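Encoded as structure tokens, the structure appears first; notes follow it.
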Amino acid sequence: MIEAGAFLEALQLAGVQFFTGVPDSLLKELCACFSDRLPEHKHVIAANEGGATGLAMGHYLATGSPALVYMQNSGLGNVVNPVASLADPQIYGIPMLMVIGWRGEMQQDGTQIHDEPQHVKQGQITLEQLEIMGIPFEIFQTDLSCALTQTRRLLSLAKRRSGPVALVVRKQCFAPYKPKSANKPAGKDALLPSREDMLTRIVSLLSNDVAVVSTTGMASRELFEFRHANNSGHARDFLTVGGMGHASQIACGIALAQPDRQVVCLDGDGALLMHMGSLTLSAQQHNLVHIVFNNGAHDSVGGQPTVAAQLNLSSIAKAAGYQWVIRVSSNSQLSEALQYALSLGQSCFIEVLCRRGARADLGRPTRTPAQNKQDFMQFLEEVAYA
């Protein structure tokens, strides 16, 4: 394993001055180091990977220095357009170093390291994606001297070719990172309910014909465990275990197709920020209640902060066109708000303030995505024609 601090120092000595990206669990030690040691104007956690690519382009145009862009390999889809249409050597020719966490890694013997279902396909095609985009890459070496040599080599290549290059990072490449700065006091946020408490309150108040779409990360895991603990089945829930930021549009599509059904979307602040423009479409659906848990963190990949902690998401939703919006911070407020929203027959947005973190023994769904899809579609069909 490599010390994240030593790698950061080497990057800075090689001329990298700006760091941006979307957090990934494989890179959480590196992200923690960036957040701990770099000033805010030198490290920006972007809303999505395409946006991070744009930030890196802007930095290069202003300074002539390549930036580092970090991401999970699932985020490669978000960078295809800005890389192929802008940063590529055939267009503007913008050098940058992409550091990519390889979830669902393929080994040399052709077998795949076990990972969550949403990473299976992405893990298989990660290197091919880079090849198709014409991005030179290397697999990150866990020996520090080798890693520094390949990093310098790739940065030199990025400058020569005037385009992006990539380091592909496997699991457990970085040693645990201990922040130098003292942790900020939790303050009033520690008094907020947990996301799981709020989520279970929501689901308990829903009638059996309500369709639920939950976002990727902890929320879907908590929803699955709640249904399992109550032996209530999983057919009413669509767990959006991948495709961060798209749960609200899946819910919107269901609401459009079945206008007489109440649809509830359980979303997260990081996911909402990733594709915020989707709010303008969801806001038009009278039978959709959009609930966003705002704890100001990317909880499932290391707890890195999001800018949502500084925003009033309900005000943004109101501006996007939702007919009724509210912000709540307690179970009693949530219960009252949800019951009212379900009775309105209008597009509704509920911002739920909650604290960071999840319980250590939180499990993962034991049913496959294919089983989830089949059960959910059968539920939608049966209830629609009952």
Expected output for region 337-366 (first residue without any contact (Cβ under 8 Å) to a residue 24 or more places away in the chain, partner among the β-branched types (Val, Ile, Thr), Cβ below 7 Å, 6+ apart or cross-chain) is ALA337/ILE326; ALA337/VAL328; ALA337/ILE350
message: Any residue at all in region 163-183 that's among the small types (Gly, Ala, Ser), under 26 Å from the mean Cα position of the chain (by Cα), in the same structural domain as LEU26 (by TED's automatic domain parsing) and surrounded by fewer than 20 Cβ atoms within 10 Å (Cβ to Cβ)?
response: no
Subset of region 26-46, residues surrounded by fewer than 21 Cβ atoms within 10 Å (Cβ to Cβ) and either among the aliphatic types (A, V, I, L, M) or under 23 Å from ILE135 (Cα atoms) (or both), comes to ALA32, LEU38, VAL44
Here the qualifying pairs (Cβ atoms under 6 Å; residues six or more apart or on different chains; first in region 210-237 and closer than 14 Å to ARG367 by Cβ; second charged (D, E, K, R)) come out as ARG221/ARG364; LEU223/ASP237; HIS234/ARG227; ALA235/ASP375
Reported set for region 210-239 where residues are β-branched (Val, Ile, Thr) and at pLDDT below 95 is THR215, THR216
Restricting region 352-364 to residues that are of a type outside the set (A, V, I, L, M, F, W, C) and within 18 Å of the chain's Cα centre (by Cα), the one surrounded by the fewest Cβ atoms within 10 Å (Cβ to Cβ) turns out to be ARG364
Over region 334-363, the set of residues under 15 Å from LEU199 (Cβ atoms) and not in a strand (DSSP E or B) is LEU334, SER335, ALA337, LEU338, CYS354, ARG356, GLY357, ALA358, ARG359, LEU362, GLY363
Within region 149-203, the residues that are modelled with pLDDT under 95 and among the small types (Gly, Ala, Ser) are ALA175, SER181, ALA182, ALA186, GLY187, ALA190, SER194
PHE34 fails exactly one of (1) under 15 Å from PRO305 (Cβ atoms); (2) touching a residue at least 40 places away in the same chain (Cβ under 8 Å); (3) out of contact with any helix residue (DSSP H, G or I) (no Cβ under 6 Å at 6 or more places or on another chain), namely (2)
THR142 fails exactly one of (1) farther than 19 Å from PHE7 by Cβ; (2) in a loop (DSSP other than H, G, I, E, B); (3) of a type in the set (Val, Ile, Thr), namely (1)
Hey, VAL325 modelled with pLDDT of 95 or more, in a strand (DSSP E or B) and either charged (D, E, K, R) or out of contact with any Lys or Arg (no Cβ under 6 Å at 6 or more places or on another chain) (or both) or not
no
- Please verify whether region 107-118 includes one or more residues that are farther than 24 Å from PRO179 by Cα, of a type outside the set (D, E, K, R) and assigned to a strand (DSSP E or B). yes
inquiry  = Whether any residue in region 199-218 is basic (Lys, Arg) and over 22 Å from the mean Cα position of the chain (by Cα) is what I want to check.
reply    = yes
Taking first residues from region 74-91 that are closer than 26 Å to GLY242 by Cβ and second residues anywhere that are assigned to a helix (DSSP H, G or I) and of a type in the set (Gly, Ala, Ser), the pairs with Cβ under 7 Å that are 6 or more apart or on different chains are ASN78/GLY50; VAL79/GLY50; ASN81/GLY50; PRO82/GLY50; PRO82/GLY54
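The values are calculated or read from the model by the stated rules, or taken from the named source; none is laboratory data. Keep in mind it's a predicted model, so treat the numbers as computed, not measured. Cβ: placed from backbone, ideal geometry, glycine included. Neighbour counts: every protein chain shown.
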